[in-house]
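Have a look at the structure below before the remarks.
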């Protein structure tokens, strides 16, 4: 059943990547504001991304967090070129290399994690503590983002979005994986927490996209989300982590590759969509004012 979950997760991740590229294009044009709801392409991206998220949720019902979350990282290689296509340009070499470095590094890191599924169990106290930690991280990143600009702002906002997205995955894993055929287990505040957290994640994502650095924003989410999810799976749900000393060096190399790719993406110029300036009449370009002449003479 784990392989079924992984296949579903891959389909969902590809849909999420396409939806993210569409929404980022609109968020740059309109900003992270309510004006986005008037943009059909933003809605299309949202529907595609939501479909991908639903497939991701289904995948979490079949496979553990530590197995499903890394699948979404591979879509970074597709998402960045898709975003470049939206702007009518070819992907920069730095975008391609940076995306591949992040994807390979994080996938390598996640492959070091054992993929043994255990029934997810989470108490109310642990869940509330987890949400408190997530809220604190979001608060810190929002305050920090207000003080910086450019790729630093996009990265901080994406970190906040990433941890909230990871919290959605964690609760979905607990609810879906803990059902065990009993639909009555859906009647729990965990189930209600999922849509609330999802809305918060969407708002934070739009804010990170609106800065204009899609590569760094998407990479930030894709790095923070699975790492947070894996930690939540290990610390809260009892999912296994690598304990062999032989994994330490590969883990350090994978981390270095991921960090290097993220830095490469952060050095790119932002994308912006602005309306073309209106054509200026030739008379307005004259260095001397044009005076009216009288035909009375």
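Worth a mention:
- Elements of type helices (runs of 4 or more DSSP H) contained in region 1-110, each with 3 or more residues being modelled with pLDDT of 85 or more: 2-30, 40-62
- Matching entry among 293, 247, 264, 228 (being exposed (fewer than 10 other Cβ atoms within 10 Å of the Cβ) and either more than 30 Å from residue 203 (Cβ to Cβ) or modelled with pLDDT of 65 or more (or both)): 293
- Selected residue [in contact (Cβ under 8 Å) with a residue 60 or more places away in the chain and part of a helix (DSSP H, G or I)] from 224, 199: 224
- Yes/no for residue 20 being under 21 Å from residue 77 (Cα atoms) and surrounded by fewer than 18 Cβ atoms within 10 Å (Cβ to Cβ): no
- The single condition among (1) modelled with pLDDT of 90 or more; (2) under 17 Å from the mean Cα position of the chain (by Cα) that residue 143 does not satisfy is (2).
- Failed item, numbered, when residue 206 is tested on (1) at pLDDT 85 or above; (2) under 23 Å from residue 71 (Cβ atoms); (3) crowded, with 20+ Cβ neighbours inside 10 Å: (2)
The values are calculated or read from the model by the stated rules, or taken from the named source; none is laboratory data. Computed from a predicted model, the values in this text were never measured in an experiment. For neighbour counting, all protein chains shown are included, and Cβ atoms are generated from backbone atoms with ideal geometry for every residue, glycine included.
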